Amino acid sequence: MCLCTLLRRIIVSVALTLSFALTAAHAAERPTPLILSVQDAPVVFAGSDGNTHLVYELWMLNFSSGDIAVQSVDILGDGKVIQTMDAKAVATRLQPVGLRDSTGTLAKSSQALLFVHITLPSGAAVPRRLTHRVTTFIAAAPPAFQHLVMAGGETVPSRQTVAVIHPPLAGGNYVSADSCCDSSRHMRAALGVNNHVWLAQRFAVDWEQLDSQGRIYSGPRETLKSYTIFGKPALAVADATVVSVVDDLPEQTPGKYPEGISLDKADGNSVILRLDDPRLGGHVFAMYAHMQPRSIRVHEGEKVHPGEVLGLVGNTGNSVAPHLHFQLMAEPSSLASNGLPYAIDSFAVTGQIPSTEAFDEAEAKGTAISHRVLPNPRRVEKDLPLDQLIIVFPDLPKSGNR
């Protein structure tokens, strides 16, 4: 066989192969009126319930001229279903962009975030890859194509180092209000800042404190000193460098959110620390918000150590009652940053408040919060405190005061 004949046969063979490949690719094409994606990969962390958790957002874009009802969402780990949300669950977790109300239906030409929380038993293998299978009803599609199942939103769980920190407060009867994960308002506080959508508060906590009668405050609701937590020292959680301090904003009157607070003053008097643990690569920051005016004892550029008093808990900025808002994040900004999970090295759980609604009602009325008291405090080490726990932290070390 001459060389030219052999070359012609090779060329024909390659052409046929490419033709079959293109035909197969075209055969696999299908409309995707609902486009799925994940912006921030979930970071694997341990919760105070002893389980492993992953928290992230599944973006859903309705690329059609009609409404799309989301009937169920299967979350697949390495190809196997590990969790399913039915239509009722979706309707409590799907939030149109720019809104705070949940829905089970995406309006035409709109986008929404589905807030996902995966819980795995302690010791269970964490999937290497997560994907999603969404069952929908597409109103704008022809009748034969209205019931569509679409897959997408692939992401890889992150095994980045989770910061282990000391408590931000000392003493007992603290409430981890709006902490991770399911009903937390922080978990859903997505903001568009600097041409990007951020969720800096994904793992934030509003630390409150109960008195001996189980009340958040005793006395007039509008009086700052009525609140148990008012004036308590906020403590450095690690060896860290102070990168930001605000200390000159006035106290707000408790009982209602203030009007006209600009975005740059929403945190009130605040401190941001960069954690100095080399394993974190200089990219983990701790933020303390709503502290008392002129109570902050540290300055930008200063080094601080665990247990050191930073300032006093107050009610400045966008706050309805004295509390310590605390969060970890990947940038030195309380808004334009990705919120990170963490673990507190040691604390004890003494009780559980049944719901955010129960907490809100007690805060509004000044009544004792009905809660389950544990017969024996449960000691927790190197876990993230989950929502609505009543917690005891170790006492303030003598070296922690300036």
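Descriptive notes on the structure:
- In the range 184-198, the residues that are surrounded by 17 or more Cβ atoms within 10 Å (Cβ to Cβ) and of a type in the set (Gly, Ala, Ser): Ser184, Ala189, Ala190
- Residues being in contact (Cβ under 8 Å) with a residue 60 or more places away in the chain, of a type in the set (S, T, N, Q) and not in a loop (DSSP other than H, G, I, E, B) - total across the range 91-148: 4
- Residue count, the range 103-137 (criterion: farther than 22 Å from Val193 by Cβ, buried (at least 16 other Cβ atoms within 10 Å of the Cβ) and among the hydroxyl-bearing types (Ser, Thr, Tyr)): 6
- Selected residue [touching a strand residue (DSSP E or B) at 6+ places or on another chain (Cβ under 7 Å), in contact (Cβ under 8 Å) with a residue 12 or more places away in the chain and either basic (Lys, Arg) or over 28 Å from Ala189 (Cβ atoms) (or both)] from Gly314, Gly339, Gly307, Gly351: Gly307
- Some residue of the range 202-225 being outside any loop (DSSP other than H, G, I, E, B), crowded, with 17+ Cβ neighbours inside 10 Å, in the same structural domain as Asp387 (by TED's automatic domain parsing) and more than 25 Å from the chain's Cα centre (by Cα): yes
- Selection status of Ser295, under 27 Å from Glu361 (Cα atoms) and crowded, with 18+ Cβ neighbours inside 10 Å: no
- Selection within the range 59-100 - of a type in the set (Asp, Glu) and touching a Leu at 6+ places or on another chain (Cβ under 7 Å): Asp67
- Those residues of the range 281-293 which are over 18 Å from the mean Cα position of the chain (by Cα) and at pLDDT 95 or above, in sequence order: His290, Met291, Gln292, Pro293
- Ile165 vs. criteria closer than 30 Å to Thr228 by Cβ and among the aliphatic types (A, V, I, L, M): yes
- Pairs with Cβ under 8 Å, 6+ apart, first in the range 229-252 and more than 19 Å from Arg294 (Cβ to Cβ), second surrounded by fewer than 17 Cβ atoms within 10 Å (Cβ to Cβ) and among the acidic types (Asp, Glu): Ala238/Asp276; Ala238/Asp277; Asp239/Asp276; Asp239/Asp277; Ala240/Asp276; Thr241/Asp276; Thr241/Glu302; Val243/Glu300
- The residues of the range 280-294 that are assigned to a loop (DSSP other than H, G, I, E, B) and more than 19 Å from Asp206 (Cβ to Cβ), listed by number, are Gly281, Gly282, His283, Val284, Pro293, Arg294.
- Any hit, the range 162-170, residues being surrounded by fewer than 17 Cβ atoms within 10 Å (Cβ to Cβ) and not hydrophobic (A, V, I, L, M, F, W, C): no
The values are calculated or read from the model by the stated rules, or taken from the named source; none is laboratory data. Values in this document were obtained by computation on a predicted structure and should not be read as measured data. When we count neighbours, we look across all protein chains shown, and the Cβ atoms used for this are built from the backbone with ideal geometry, even at glycine.
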